[in-house]
């Protein structure tokens with residue numbers, strides 16, 4: 001059985017919420033949701049990819065969200081929608097509504113007397129909010145999270161447990177910042193000297209737009225002099241490194257383990273694949289896709305997809321290939 | 001001098017615990033342990049690799065664990081065992097017994113009234129345990145760690161300081177979860193829309209088997225609909241990314257900085273090298289070795305070792321090689 | 001406008017602190033600092049790279065730090081110094097002095113009765129210090145940071161929020177350890193057995209020299225038997241993995257997302273680029289530069305720069321190149 005919903009909903013009610021039609025019994029109660037592959041009786045699932053038609057026909061799901069062209073599929077009840085995946089995503093919001101935020105500052109939290117906390121915000125035990133910081137309406141600061149001095153969290157943000165926001169970091173509305181994310185640590189700025197590396201004070205801040213999500217254990221450094229800037233609607237996965245002075249355009253998505261070196265400028269609507277790396281002081285224009293694992297070493301000024309990945313093979317074949325590559329340098 | 005043991009033990013007592021024989025004085029007290037290379041008088045060390053025989057002969061260790069074939073080596077006292085490395089590992093458990101867990105819930109912890117904490121568990125200061133969570137016998141939740149609502153930690157687990165377990169994460173017995181590890185954050189799931197990326201609720205959970213170790217700052221995301229699943233005996237190093245819906249088979253080991261994209265299925269007894277990356281929606285069969293730094297882009301259905309790494313050279317040679325590679329695409 | 005200084009300073013006072021000359025009005029007050037690119041009236045900026053001369057001539061900065069050769073540049077007031085970048089870095093220290101540390105142990109901290117805290121140290125709310133640990137003069141342990149039993153932090157260190165130091169870790173003076181950094185977690189040490197991987201106790205420690213900076217979410221594992229050792233003046237960026245038993249020489253710098261596998265020895269004054277990886281049990285001599293994204297698979301005993309990066313191209317070209325590479329293994 002899939003994930004049980006908080007409160008069962010009829011197919012008819014759900015279809016209405018999705019602006020979709022029903023083929024079958026609208027009175028059917030949806031008790032749980034599942035992937036097509038693992039669905040069992042009582043489950044809601046969806047099916048959009050024509051390649052999965054055979055699998056869908058065998059699915060034991062009680063209710064399927066399908067395209068018009070697939071209403072003949074073998075399922076007790078169908079919800080018909082032109083974009084089943086998107087409809088399913090919306091259905092999840094209906095079936096698993098976000099729990100209401102219980103406002104208030106825990107007596108076990110540590111909030112500086114000069115911080116301004118909206119009355120509808122929630123500050124959990126062992127959270128800290130520094131001097132002059134501001135926390136917006138409906139925002140939740142979970143346990144073990146910290147908000148540094150003079151930093152701002154907008155409205156309806158979630159700062160998960162153990163996320164740390166340094167001082168003077170501005171974050172817009174509806175941010176979701178996962179556990180272990182670190183926003184505003186010092187950039188990696190040093191000057192060589194006869195006595196070794198001398199630290200260069202990192203006096204810039206971080207400015208993050210609205211509707212940004214930042215994954216677990218991702219780090220976004222503060223600017224050296226100017227700010228590090230993350231645009232609206234940017235989505236950043238886990239374990240991503242954004243170095244000082246980077247500027248990322250609106251609606252760009254960055255997958256896990258990727259890294260942007262210092263002062264990299266990335267345009268809007270880009271997609272940076274997992275473990276891709278961008279060398280510092282480069283510009284990437286709008287609408288660029290960087291394949292996972294690619295190291296970008298020069299500025300990109302044309303939209304498109306860019307790749308640089310060593311094709312993997314069985315190990316023995318690789319040793320031959322690698323020997324040939326080494327020879328080619330002689 | 002090496003690491004001093006908590007309480008000195010005689011060679012005879014240790015050998016008995018290891019099921020090993022003694023050559024030399026069984027009454028010798030072992031005061032400390034060391035690597036072969038750095039051993040000094042009073043140290044216990046081991047020697048298994050025949051290539052290290054010369055080094056072993058020069059070692060100043062008081063006691064050496066050696067194979068039968070090496071009992072002639074120059075050391076005051078030898079403990080003879082067919083697998084010196086494994087015997088040394090066991091000796092460490094004898095010489096450095098895990099400290100007894102002092103049970104109890106710190107008055108400085110925050111435990112929800114509906115959580116169930118085994119009487120022999122220990123909850124340290126500034127740890128949090130959410131509503132309906134369950135903590136098993138002998139399990140330690142260190143300071144600054146959090147366990148979300150309805151999550152379960154089995155028996156004799158260790159959740160180190162600053163590890164965060166989200167809601168509805170099931171963890172088996174004897175798990176060791178290091179500081180900064182994040183289990184159950186939202187997967188990176190978004191739908192494109194005219195207004196930008198729309199978040200897809202991540203309603204699955206995480207299910208982790210018995211005897212799993214998870215390294216520092218590793219993140220394991222919860223499933224989108226179904227669960228993310230980690231098998232029994234899986235060992236995961238530091239800074240590893242496991243995306244939503246991954247399923248990892250029993251006894252697979254994953255080295256540091258590796259990453260698995262969403263819905264990757266990895267078999268049992270695989271070894272994923274450091275910084276290796278596996279693209280999403282692939283299957284890796286049992287008994288596969290992925291070399292460090294390799295990006296796997298297709299399903300693997302044959303056991304064996306797979307590699308895709310650019311051979312490094314001095315930088316000047318590389319520029320010639322790279323130019324040749326670029327030309328090969330024209 | 002750039003970053004506003006805490007207290008305005010005249011050009012004459014600043015120039016004296018820098019040992020520099022003034023061309024223009026020494027009575028000009030510096031109100032803020034900025035990059036050359038974004039500078040506006042009232043800002044201090046600097047200009048060192050001859051390629052930026054055109055940009056500098058257009059800058060609206062009130063005060064520029066320039067080389068002797070550039071005193072003719074179009075700016076109201078110039079501070080003349082042979083090394084403008086270094087002078088600017090020093091100017092930041094003058095203009096943004098580190099706030100004085102208010103000493104004391106927060107009543108909301110948890111400090112073991114046997115820990116020794118210098119009277120001038122500061123322990124913030126929700127920080128923990130374990131049994132027998134020692135915290136030096138002027139050192140700050142921020143909220144949610146932990147210092148394990150018998151660990152030592154030297155003088156004038158900063159342990160940022162959510163950094164975790166395990167037991168028996170020795171850290172020198174003036175360390176800066178950013179949020180989410182984990183020092184002393186167990187190394188990834190297991191022995192194969194018929195029942196699966198058997199954990200090898202990690203009984204070594206970590207020894208860190210003076211003047212070390214460690215970035216956000218970086219992990220440095222404790223040694224298996226001997227210690228993991230980080231030299232003086234080493235600078236480590238974010239999300240870096242240092243495995244057990246590594247030894248890193250003085251003044252080496254390691255950029256973000258890099259990784260060192262177990263028992264790697266790195267010399268002094270090396271520079272390890274971002275996302276570079278070094279396979280275990282290798283030695284890298286002094287004065288080596290590893291390019292970003294390079295995987296080092298053999299010992300390096302000659303100073304110089306080493307590289308192994310697949311040159312990226314547009315995706316279509318890459319498919320041709322990759323096919324050719326695969327063919328070369330047949």
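Any chance you could run the full-extension gain for residue A:281 through residue A:315? It's 0.36 nm times the residue separation minus the Cα-Cα distance, nm to one decimal.
Separation in residues times 0.36 nm, less the Cα-Cα distance, equals 8.6 nm.
Packing-wise, with mean Cβ within 10 Å as the measure, how do C:2-12, B:241-251 rank, highest first?
With the highest mean Cβ count within 10 Å placed first, the list reads B:241-251, C:2-12.
Computed from the mean reciprocal separation of all distinct C-alpha pairs, what Kirkwood hydrodynamic radius does chain B have, in Å?
22.8
Report the FRET efficiency, 1/(1 + (r/R0)^6), for residue B:53 and residue C:118, where r is their Cβ-Cβ distance and R0 is 56 Å, rounded to 0.05.
0.70
With the alpha-carbon atoms as the only input, what is the per residue convex hull volume for region A:110-306 in Å³?
So the per-residue hull volume is 101 Å³.
What is the fewest-to-most order of C:318, A:197 by other Cβ atoms lying within 10 Å of their Cβ?
Neighbour counts put them in this order, fewest first: A:197, C:318.
Under 4 °C and 1.567 mPa s, how fast does the protein assembly as shown diffuse according to Stokes-Einstein, given a Kirkwood radius computed over C-alpha pairs? Answer in µm²/s, whole number.
Translational D for this selection: 44 µm²/s.
Rounded, prolate or oblate, given the Cα gyration tensor of region C:206-260, with a/c below 1.5 counting as rounded?
oblate
Please give the Cα centre distance for region B:134-175 versus region A:272-297, rounded to the nearest Å.
That distance is 37 Å.
If you build a Gaussian network model of chain A, linking Cα atoms that sit under 10 Å apart, which residue out of A:51, A:235, A:320 swings the most?
A:320
How many partner chain Cβ atoms sit within 10 Å of a residue's Cβ in peptide A:140-148, on average, as a whole number?
5
Write down the percent of antiparallel bridges among all DSSP beta bridges whose residues are both part of the protein assembly as shown, to the nearest 5.
Antiparallel: roughly 15 percent of the beta bridges in the protein assembly as shown.
What is the Rg over Rh value, at two decimals, for region A:55-118, using alpha-carbon atoms and the Kirkwood definition of Rh?
Rg divided by Rh gives 1.39.
By average Cβ neighbour count within 10 Å, what is the ranking of B:296-305, C:102-111 from highest down?
Descending mean neighbour count gives C:102-111, B:296-305.
Under the definition of Cα pairs under 8 Å and six or more residues apart, what whole-number percent is the relative contact order of region B:246-324?
About 22 percent, as a whole number.
I want to check the label-to-label distance for residue A:103 and residue B:21. Put each point 7 Å from Cα in the C-beta direction and report it in nm to one decimal.
8.0
For peptide A:277-283, compute the average count of partner chain beta-carbon atoms within 10 Å of each residue's beta-carbon.
Average neighbour count from other chains, rounded to a whole number: 3.
Once you keep just the Cα pairs under 8 angstrom separated by 6 or more residues, what percentage relative contact order results for chain C?
Worked out over chain C, it gives 7 percent.
Going by how many other Cβ atoms sit within 10 Å of their own, how do B:90, C:330, A:199 line up, fewest first?
C:330, A:199, B:90
Among C:126, C:46, C:310, B:190, rank each residue by its count of other Cβ atoms within 10 Å, from fewest to most, as a rough exposure measure.
Least to most surrounded, the residues fall as B:190, C:310, C:46, C:126.
Suppose we keep just the DSSP beta bridges with both residues in region B:3-95; what percent of those would be antiparallel, to 5?
45
Please work out how much length the chain gains when fully extended from residue A:76 to residue A:298, using 0.36 nm per residue of separation minus the C-alpha to C-alpha distance, in nm with one decimal.
That pair, residue A:76 and residue A:298, stretches by 74.4 nm at full extension.
Nearest 5 percent is fine: what portion of the DSSP beta bridges confined to region B:104-306 is antiparallel?
The answer is about 5 percent antiparallel.
Taking R0 as 30 Å, what FRET efficiency do you get between residue C:190 and residue C:326 from their Cβ-Cβ distance, rounded to the nearest 0.05?
0.30
Which distance in Å, rounded to a whole number, links the C-alpha centroids of region B:96-122 and region A:29-45?
What the calculation gives is 38 Å, centre to centre.
Each value in this text was obtained by applying a stated rule to the coordinates, not by laboratory testing. None of these values were measured; they are calculated from a predicted model. Virtual Cβ from ideal backbone geometry, glycine too; neighbours counted across all protein chains shown.
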